[in-house]
Amino acid sequence: MAEGAVNVTCLVPMPVERAYALFVEHIDRWWVRDRSPEAIIRFEGDRLVEATSEGANVLATITAIEEPARIELAWEGPHAQPGDTVEIRFEPEAAATRVTVSHLRPALQPNDVAVAVLGLWWGDLLSRLVGGAPPIESQ
């Protein structure tokens, strides 16, 4: 079955290593809380979880990692469908880092409503990543 992708990108005003750390180590600073505003978003081992006092909800499982250039996730979070994979790439661009999220889904077609939903959701999330990033000058 063919696989389609939704790609969203942004520039984060810091070097690749710091952008990667912001994404992985400081994800709770900028990630959208789905279940509760008090939830804590974090990586626990090979899982990305949204933890509350009631327990942890798995958003994704890491399936590949090439630190600090790439993370691949089996996606179980918002707007997930069976077989979804999310790849996050971190690429240097001038004094910044281009962060690209590719949400891959079997049989996804360009005119599917899901393309717009996923694009808007990941776009909002990446705008929060940029908002959670301190400027290069302050580092």
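The values are calculated or read from the model by the stated rules, or taken from the named source; none is laboratory data. Please read these numbers as outputs of a predicted model, since none were measured by experiment. Counting neighbours? That spans all protein chains shown, and the Cβs are built from the backbone with ideal geometry, glycine included. Only protein heavy atoms, including side chains, enter the accessible area calculation; ligands, DNA and RNA are left aside. Shrake-Rupley method; radii C 1.70, N 1.55, O 1.52, S 1.80 Å.
A few points about this structure:
- Residue match in region 64-80 (condition: assigned to a loop (DSSP other than H, G, I, E, B) and without any contact (Cβ under 8 Å) to a residue 40 or more places away in the chain): yes
- Any hit, region 83-98, residues being open to solvent by less than 20 Å² (accessible area, probe 1.4 Å), under 25 Å from ASN57 (Cβ atoms), in a helix (DSSP H, G or I) and in contact (Cβ under 8 Å) with a residue 24 or more places away in the chain: no
- Those residues of region 99-120 which are outside any strand (DSSP E or B) and closer than 12 Å to LEU11 by Cα, in sequence order: none
- Within region 12-38, the only residue that satisfies the criterion of being in contact (Cβ under 8 Å) with a residue 60 or more places away in the chain, over 14 Å from the mean Cα position of the chain (by Cα) and open to solvent by 80 Å² or more (accessible area, probe 1.4 Å) is ARG18.
- Matching residues in region 47-80 - criterion: being open to solvent by 70 Å² or more (accessible area, probe 1.4 Å) and modelled with pLDDT under 95: SER53, GLU54, HIS79
- Conditions (1) outside any strand (DSSP E or B); (2) over 11 Å from the mean Cα position of the chain (by Cα); (3) closer than 16 Å to CYS10 by Cβ; number of the one not met by LEU126: (2)
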